[in-house]
Amino acid sequence: MTSVLPESTRPVGPPPPFDAELAAALVVIGEQMPSSLTAEMIQPMREGSLLADLSDDDLARGGAFTVARRMVPGPAGDPDVELLILTPAGAATPLPAIYHTHGGGMIVGNNRTGVEVLQDWAAEVPSVIVSVEYRLAPEHPHPAPVEDCYAGLVWTAANAAELGIDPGRIVIAGASAGGGLAAGVALIARDRGGPALLGQMLLCPMIDDRNDTPSAVQMAGLGVWDRTANNTGWTALLGAECGGPGVSPYAAPARETDLSNLPPAFVDVGSAETFRDEDVAYASGIWRSGGQAELHVWPGGFHGFDMMVPQAAVSQDARAARIRWLTRLMGM
């Protein structure tokens, strides 16, 4: 009879295959975006064209959205934060809101990064989009990024009427590092009695600084944002504390042992990416704590596949699932 080894001692097999459509695109993507990002590459990435900003005209989408920016109070003693506010033109208010924490590994990006995906959601589920500009690591390590995001959420909820937002229907959403920040903000809001969130949309969230799951090992050197890149991002955020015993769950939500009393979560991730196992474990932790989570593991998906290859069949399925969840959650 074969004995069952503890999870931590089981051998890790080869990486799961990429979806065929995604694999073909990944060849081109790899020429522009190396999977193994190092600290020396942070500044060139910030100065490069891969994360080019969308203009106000782009964001307006021919008059479909009004575009506004507001400077609001940041954390106590820290600078104000900028909120980018996109409102569907002509829609009856109050509307639900999607509060957005952008991706970028904690080290790149701004409040326009990835917001076009949320605009696609808002075209289906009319919502005000509020996207927060947070300070980036390594210049501004933890807790600056998550506290900036929380401060922006507090202001948004307090000023919901002015913004045409229904304060009872605010969903926080983020991808990658933004997904980790969204999860961290949800934990802070729970623990501090802050704004009540209707839900949390966690897309391939970056939530575990220990960087030692089977999927992290399997995908080293492969796909987008591999184990080396992950170490770069987490080290920028946490410095010498990265991987150690005292890391705050607000920085790395996978460290939280009590996931009770959180808003319903939507968690999705690719099967062929670094974050797969930490994200599956997070959804399981929510269930174990008596909470509600919807989990999707998209077969053959690499990190950020749906943004980079939106025409692929699996990308279309992933995007449709998110809109269905938002529609059910918001009662629309």
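Residue by residue through segment 153-158, what is 3J(HN,Hα) from phi via Karplus (6.51 cos²θ - 1.76 cosθ + 1.60, θ = phi - 60°)? Round to whole Hz and write x for glycine and proline.
5, 4, 5, 4, 5, 5
Given a 10 angstrom Cα cut-off, can you work out which residue in Asp58, Asp148, Asp209 is the most mobile in a GNM of the chain?
Asp58
On the first, second and third principal axes, largest extent first, how far apart are the outermost C-alpha atoms of the chain in Å?
Reported extents, whole Å, longest axis first: 64, 41, 40.
Could you quote the convex hull projected area for segment 269-332, Cα atoms only and averaged over all directions, in nm²?
So the mean shadow area of the Cα hull is 4.8 nm².
At a 10 Å Cβ-Cβ cut-off, how would you order Val130, Val28, Val154, Val267, fewest neighbours first?
Listing Val130, Val28, Val154, Val267 from fewest to most nearby Cβ atoms yields Val28, Val154, Val267, Val130.
Explain nothing, just the number: relative contact order of the chain, from Cα pairs under 8 Å at least 6 residues apart, as a whole percent.
Value for the chain: 18 percent.
Quick check: convex hull of the Cα atoms in segment 36-113, volume per residue, rounded to a whole Å³?
133
State the dimensionless ratio Rg/Rh of segment 55-197 (Rg: radius of gyration of Cα atoms; Rh: Kirkwood radius).
Using only Cα positions, Rg/Rh for segment 55-197 is 0.94.
Only Cα pairs under 8 Å and at least 6 apart count here; give the relative contact order of segment 3-135 as a rounded whole percent.
21
Read the figures in this text as sums done on the coordinates, not as results from a lab. Quick caveat: nothing in here was measured; it's all calculated off a predicted structure. Neighbour counts run over all protein chains shown; Cβ positions are idealised from the backbone, glycine included.
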